[in-house]
Amino acid sequence: MFDFLKTAKGILGINARNHLYVSRYNSREAKKFADNKLYTKRFLQSRHIGVAKLYHVIKQHKELQNIDLKTLPKSFVIKPNRGYGGEGILVINKKKGSKFVSVSGEKYTHEEIFYHCIDILDGKYAISGTHDQVIIEEFLEPHVDFNNIIPEGLPDLRILVFNYVPIIGMLRVPTKESHGKANLHLGAIGIGIDMGTGKTTYGIKHNRYIRKFANGEPIANFLIPHWNEILEMSSRIQQISKIGYLAVDLAITKTGVKVLEVNARAGLSVQVCNRAFLKARLEKVADLKVVNPAQGVEVAKTLFSNKVPVREEIELKPVIGLYEPVLPLGKQNQEVIAKINPHGTHNLIDKNLAEGEKKILEIMLKKKRIKLTFKKVDLSQQDYKIVLAGKYLGDYLLDFRKPFPLIGKKISKQEIKMLENFDEKITEIDSKIHILSALKPLNLQEEKTAFLNNPNFSPQFIYKSPKTDFTTLMRELDKLPNEINHPLFPLYKKKVREIKNKIGLVGSLNKPIFTDYSSRLYGNADQALYHQALAVIKKTKLQEDESVLLKFNESVAQLESFLKKNNLSHWKIKILEDAPTDMQVNKNNTIFIRKNSEFTANRLAALITHEIETHIYRFENGKAHPFGLLKRGTAGYLTTEEGLAVYNQNKLDLPFGQKVIWPALNVVACYHGMRNSFLDLFHLLKRDFKLSDQIAWKLCLKIKRGLYDTSKKLAFTKDIVYFKGEKLVEKYLSNSANKLEDLYIGKIGIDDLKILKDFQDFKVKYLPERKG
């Protein structure tokens, strides 16, 4: 990223674009042609180039009276004829009762659509600001290859063509933030494309480079469908339109490639997405004699294809801030703060830190040894004791946003108080969001009975409306400070993002974005995890649980005895008629047990390990610290929490029957749930894994809760955390330098340990007797 910016003088700016290309190669007639979408559509259609089907054109206000929206398909698009920047486009993808619903979930009445059309006619969105026409056309559905990367809306491509050569390309991917529109200014993702292969390279959102989509899928190396056809079509459009400097916007749909519009004044963000400069590329082809589109495409593939894999260099280089802790290697051997001078040519060291007459300094920076020449200076009045010149730090990437490290620095009372207030507020907000309660169907028993009696339909679930005012919660989150100079604050920033995703999840039941929010919170069942789970299922030899069956009162007595023995008598057991599971704990010192549940001795031992020795122990240890977040749970803690619970259970080495492969079955069900309806998933699990009706139903319910219509190929991914977390815990504890005790600081994730252990040595009171 920074190498790219060093040569920023090569970027083609707006003035240069207008002077050197638009005014020189695009006539007034060419610009008028491009600005008139209706004329362009008909022109291209007459030459057998794919465009969206046209339903209506409204030229005058009086014509609105003749348009009956009821005669339109359930999905359609309304747009201005001479619009610009994507403004004024209304995309309707379904009808609900008397209202129309947009791709972003907003509802419109007939009257609201009528007034939107009036705004278009009045020129509100027109490039000229004068009277315009309304276009009502076909709703385009994206190609199936995009299903895994877009939460909603239609991605589009922009190909810039000059001298019949497709110079550069960009994929624009809509997001929830952009309300389903492929508009970078609204929060869509812009992605560069290798012109030779059609594979994606770099991603950018809000002027910052990103490496992954919201669901965790990598941005790089996604293959654009119909790439050759796209290049040839773009070049051909230049040939027939006579627009010398041309951008073609296209969509890849289920029915093929469609042209959305042509542009004679294309924006310039495409070069930022590609980390490539238009000026150099345009100059490279300006003097070539290209006779037809086919030749232009060959030139593009030859000249503008990446020769090396993208991102490799970036991922290998450690990232440093303007201030970093370093370890001078010598007699003192104590960490100090170093200031990074990006433009410096000399390294400096405080005279009190330098050793004798030595002129060479050896330090450790981000686990790398560096030998440097240095000059002695007086830095006694500074927070840093070494200045490192950027000239010698070519093996690192510099991030100006990284906060000042707090090694050996006393945290002010004000900073502590600010974090305490933040901690109190964030845990209060988090406690108001009850995901599992919101996702529990009201008609669960009725649908279960009907389905198991006749399993030939996908259940239709009903949910209660949340009582929590999520809009107010979001406002409260937005009012919190963006930065506090405290070493634990990064944990709180992550927690704010997690809470926003929780609110998004509960607010998106039954929508495609639901799975996206779920993936952000819990992860995804990708192919690698799926095959790992399959391998566990295949190699595990099930041993039936033949231990003694305990009476209900015996089980309760054993639980009470265990609590008393471990100084946990303040935890109370509450017996419920309709508890969702046989046993579970909450964060109010209560253990819930379903009345008359039957436990074998082995199963009770497993539940004690899972619920008490994991969930309650971590809760109690977190409660002992002054930060409520360690009791409530850091962002993403659940993966480590449930993974540790499964790990502890397995350490008992007791036969549990089929329950031992439940974590793996959850992954398998989630993977197939993304690709199947409830009905098809149910029969697949029964057929391929020999599950009973009750077990198959339970797995399907876990995956499809949150949906009204469970025939949709969407999934609630929470239950993959058991298997995924167990593997993470196993990997962590396989390193002899790591201890089981580390995972009992509180309700934290493995990724949090670096921040927590650098801050202070947390004491742990409750720990299972079995050591990992």
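Considering only residues in the range 173-212 that are surrounded by 22 or more Cβ atoms within 10 Å (Cβ to Cβ) and over 16 Å from ARG158 (Cβ atoms), the one that is farthest from the chain's Cα centre (by Cα) turns out to be GLY180.
Could you grab me the full set of residues in the range 364-381 that are among the aliphatic types (A, V, I, L, M) and open to solvent by less than 30 Å² (accessible area, probe 1.4 Å)?
Taking the range 364-381 and keeping what is among the aliphatic types (A, V, I, L, M), we get 364-365, 370, 372, 377, 379.
Answer for the range 364-381, where residues must be among the aliphatic types (A, V, I, L, M) and open to solvent by less than 30 Å² (accessible area, probe 1.4 Å): LEU365, ILE370, LEU372, LEU379.
On the stretch given as the range 554-608, residues that are open to solvent by 80 Å² or more (accessible area, probe 1.4 Å) and under 27 Å from HIS434 (Cβ atoms) total 9. Taking the range 92-136 as the range and being farther than 16 Å from LYS79 by Cβ and of a type in the set (A, V, I, L, M) as the test, only VAL101 passes.
Among residues belonging to the range 414-446 that are under 28 Å from the mean Cα position of the chain (by Cα) and charged (D, E, K, R), point out the one that is nearest to ARG705 (Cα to Cα). Lay out the reasoning, then the answer.
Pass one, the range 414-446, residues under 28 Å from the mean Cα position of the chain (by Cα): 419, 422-441.
Next, from what is left, pick out any that are charged (D, E, K, R): 423-425, 428, 430, 432, 440.
Working: ASP423: 31, GLU424: 31, LYS425: 30, GLU428: 26, ASP430: 21, LYS432: 20, LYS440: 7 Å.
That would be LYS440.
The set of residues in the range 442-455 being in contact with a helix residue (DSSP H, G or I) (Cβ under 7 Å, 6 or more places away or on another chain) and either open to solvent by 60 Å² or more (accessible area, probe 1.4 Å) or of a type outside the set (A, V, I, L, M, F, W, C) (or both) consists of LYS448, PRO455. Residues considered: SER519, SER458, SER508. Of these, the only one that is more than 27 Å from ASN421 (Cα to Cα), in a loop (DSSP other than H, G, I, E, B) and at pLDDT 90 or above is SER458. In the set ILE120, ILE89, ILE150, only one residue is free of Cβ contacts under 8 Å to residues at least 40 places away in the same chain and surrounded by 15 or more Cβ atoms within 10 Å (Cβ to Cβ); that residue is ILE150. The C-beta contact set for the range 365-383 (first residue within 11 Å of HIS346 (Cβ to Cβ), second residue open to solvent by 80 Å² or more (accessible area, probe 1.4 Å) and among the hydroxyl-bearing types (Ser, Thr, Tyr), distance under 8 angstrom, 6+ apart or interchain) comprises LEU372/TYR392.
Among the criteria (1) free of Cβ contacts under 8 Å to residues at least 40 places away in the same chain; (2) open to solvent by 90 Å² or more (accessible area, probe 1.4 Å), the one ALA528 does not fulfil is (2).
Enumerate the strands (runs of 3 or more DSSP E) found wholly within the range 326-386, keeping only those where 1 or more residues are farther than 23 Å from ASP399 by Cα. Can you show your working first?
On the way: elements: 336-341, 348-350, 360-365, 368-373, 375-377.
In the range 326-386, the matching strands (runs of 3 or more DSSP E) lie at 348-350, 360-365, 368-373, 375-377.
The single residue among ILE616, ILE608, ILE575 that is in contact with a helix residue (DSSP H, G or I) (Cβ under 7 Å, 6 or more places away or on another chain) and of a type in the set (Val, Ile, Thr) turns out to be ILE608.
The one condition from (1) modelled with pLDDT under 90; (2) part of a helix (DSSP H, G or I) that ARG47 does not meet is (2).
Here HIS131 fulfils each of the conditions (1) touching a residue at least 40 places away in the same chain (Cβ under 8 Å); (2) open to solvent by 20 Å² or more (accessible area, probe 1.4 Å); (3) in contact with a Gly (Cβ under 8 Å, 6 or more places away or on another chain) apart from (1).
Counting only residues that are over 10 Å from LYS385 (Cβ atoms) and crowded, with 18+ Cβ neighbours inside 10 Å, the range 332-351 holds 2 of them. Against the list (1) of a type outside the set (Val, Ile, Thr); (2) open to solvent by 40 Å² or more (accessible area, probe 1.4 Å); (3) over 25 Å from ASN36 (Cα atoms), the condition PHE100 fails is (2).
In the range 57-69, which residues are open to solvent by 60 Å² or more (accessible area, probe 1.4 Å) and in contact with a strand residue (DSSP E or B) (Cβ under 9 Å, 6 or more places away or on another chain)? First the steps, then the outcome.
Pass one, the range 57-69, residues open to solvent by 60 Å² or more (accessible area, probe 1.4 Å): 59-62, 65-66, 68.
Within the range 57-69, LYS59, ASN66 qualify.
Is it the case that ILE433 is outside any helix (DSSP H, G or I), in contact with a Ser or Thr (Cβ under 9 Å, 6 or more places away or on another chain), among the β-branched types (Val, Ile, Thr) and in contact (Cβ under 8 Å) with a residue 24 or more places away in the chain? For ILE433, the condition - outside any helix (DSSP H, G or I), in contact with a Ser or Thr (Cβ under 9 Å, 6 or more places away or on another chain), among the β-branched types (Val, Ile, Thr) and in contact (Cβ under 8 Å) with a residue 24 or more places away in the chain - is met. With respect to the conditions (1) open to solvent by 30 Å² or more (accessible area, probe 1.4 Å); (2) of a type in the set (A, V, I, L, M, F, W, C); (3) part of a helix (DSSP H, G or I), LEU542 lacks only one, and its number is (3). Working only within the range 217-245, note down all residues that are assigned to a helix (DSSP H, G or I), without any contact (Cβ under 8 Å) to a residue 60 or more places away in the chain and open to solvent by 60 Å² or more (accessible area, probe 1.4 Å). Residue satisfying the conditions is GLU229 alone.
Looking only at the range 48-85, residues that are without any contact (Cβ under 8 Å) to a residue 60 or more places away in the chain and in contact with a Leu (Cβ under 6 Å, 6 or more places away or on another chain) come to 2 in all. When the helices (runs of 4 or more DSSP H) confined to the range 653-772 are screened for residues that are open to solvent by 30 Å² or more (accessible area, probe 1.4 Å), those reaching at least 3 such residues are found at 678-689, 693-704, 721-733, 753-759. Just so you know, in the range 406-435 the residues that are open to solvent by 70 Å² or more (accessible area, probe 1.4 Å) and charged (D, E, K, R) include one that is modelled with the lowest pLDDT, and it is LYS409. Within the range 9-44, the set of residues being surrounded by 16 or more Cβ atoms within 10 Å (Cβ to Cβ), part of a helix (DSSP H, G or I) and in contact with a helix residue (DSSP H, G or I) (Cβ under 9 Å, 6 or more places away or on another chain) comprises ARG17, LEU20, TYR21, VAL22, ALA30, LYS31, PHE33, ALA34, THR40, PHE43, LEU44.
Per-residue answers, yes or no, for (1) within 18 Å of HIS672 (Cα to Cα); (2) in a loop (DSSP other than H, G, I, E, B); (3) of a type in the set (Lys, Arg); (4) at pLDDT below 95:
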site	(1), (2), (3), (4)
ILE484	no, yes, no, yes
ASN501	no, no, no, yes
PHE514	yes, no, no, yes
ASN524	yes, yes, no, yes
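The values are calculated or read from the model by the stated rules, or taken from the named source; none is laboratory data. This one's a predicted model, so the numbers in the text were calculated from it and none came from an experiment. Cβ sites come from the backbone with ideal geometry, for glycine too, and all protein chains shown count toward neighbours. Note: areas computed on protein heavy atoms with side chains; ligands, DNA, RNA excluded. Shrake-Rupley method; radii C 1.70, N 1.55, O 1.52, S 1.80 Å.
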